[in-house]
Amino acid sequence: MRTFTKETFVQILRDHGQQPDAAQMAQFDRYVKELTEWNQKMNLTAITAEAEVYEKHFLDSLLPFLNLKLTHLCDVGAGAGFPSIPLKIMRPDLEVTILEPLNKRILFLNHLCAQLGLKNVRCIHTRAEDHAKEHRESYPAVSARAVASLPVLCELCLPLVEEGGLFIAMKGPGGMEEAAASAHAFSVLGAELERSEKSVLSDGAERINLFCRKVRPAPKKYPRNFGQIKKHPL
């Protein structure tokens, strides 16, 4: 087990060609402060130690996106803002839409964006399957981190992705097994698994990020309501 520090975070970003400036590091520090304070009154995260937040939330959120040229990201079930808010800090020009079904988390996210001075971030209190009724196939990239099993996530997220766009599913060590179990969902919803990327945290835990390309429109009957999706996943 190796030691991870805030300096490790900066060095890894440098190794990937990214150099956070002093203002961005101040935003990350403020993020830790707000997350810790709000976590005392609502359950946002089990990870609150500064070094762990920098590695297991901030770096983990950034790694899948460092080499992607994105203009707009829709983050489904962002919770306390992962991965979209760390990415927004590093890429201020990125347009971000966050879909979150719990209103108390929306309150936190709106407060956080105000405190960090982030512009062009929409935090919407809604479920992904409801949002798709008016915004299907309208986002060039959609992300989901630690939300649900991949077959369920595919139906929640892929109808939102425009043709040619990406769905990025951020998973743990069982990511490839989930991908194999989602082959039917990919096929039905017009997507192909383009590639996977693995990273290993300082404690040895594995992260598997799956990049799914939308190659054709999803049938209009998807997504179904959440009860159906959960009871009978594709």
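The values are calculated or read from the model by the stated rules, or taken from the named source; none is laboratory data. Just so we're clear, the structure is a prediction, and the values are computed from it rather than from any experiment. Quick reminder, even Gly has a Cβ in these numbers, built from the backbone with ideal geometry, and neighbours come from all protein chains shown. Each accessible area value is taken on the protein alone, full model and side chains, heavy atoms only, with ligands, DNA and RNA left out. Shrake-Rupley method; radii C 1.70, N 1.55, O 1.52, S 1.80 Å.
A protection proxy built from the mean count of other Cβ atoms within 10 Å ranks the segments 189-202, 69-82, 127-140, most packed first, as 69-82, 127-140, 189-202.
For segment 40-94, the fraction of C-alpha pairs more than 18 angstrom apart is 34%. Kirkwood-based Rg over Rh for segment 117-196 (C-alpha set), two decimals? In segment 117-196, Rg relative to Rh is 0.98.
Per q in 0.15, 0.21, 0.27, 0.30 Å⁻¹, report the Debye log10 I(q)/I(0) for segment 70-120, using one uniform scatterer on each alpha carbon and no solvent. Each listed q corresponds, in turn, to -0.33, -0.67, -1.10, -1.31. Across all directions, the shadow cast by the convex hull of segment 29-160 built on its C-alpha atoms averages 7.5 square nanometres.
Only beta bridges with both residues in segment 108-234 are counted; by DSSP, about 70 percent of them are antiparallel. Both numbers refer to the Cα atoms of segment 88-227; Rg and Dmax are 15.5, 43 Å.
Antiparallel beta bridges, as assigned by DSSP with both residues in the chain, represent about 45 percent of the total such bridges. Size of the chain from its Cα atoms: along the principal axes, largest to smallest, the extents are 47, 35, 30 Å.
By the Stokes-Einstein formula, at 1.567 mPa s and 4 °C, segment 1-89 with its Kirkwood radius over alpha-carbon pairs has D equal to 95 µm²/s.
Note on segment 57-163: dipole from Cβ charges, positive end direction compared against 138, 116, 63; the farthest Cα belongs to 116. Largest to smallest in accessible area, the residues 3, 45 fall in the order 3, 45 (1.4 Å probe, all protein chains included). From helices alone, the chain scores -10500 deg cm²/dmol at 222 nm; the rule is -39500 (n - 2.57) for each run of n ≥ 4 DSSP H residues, then divide by the residue total.
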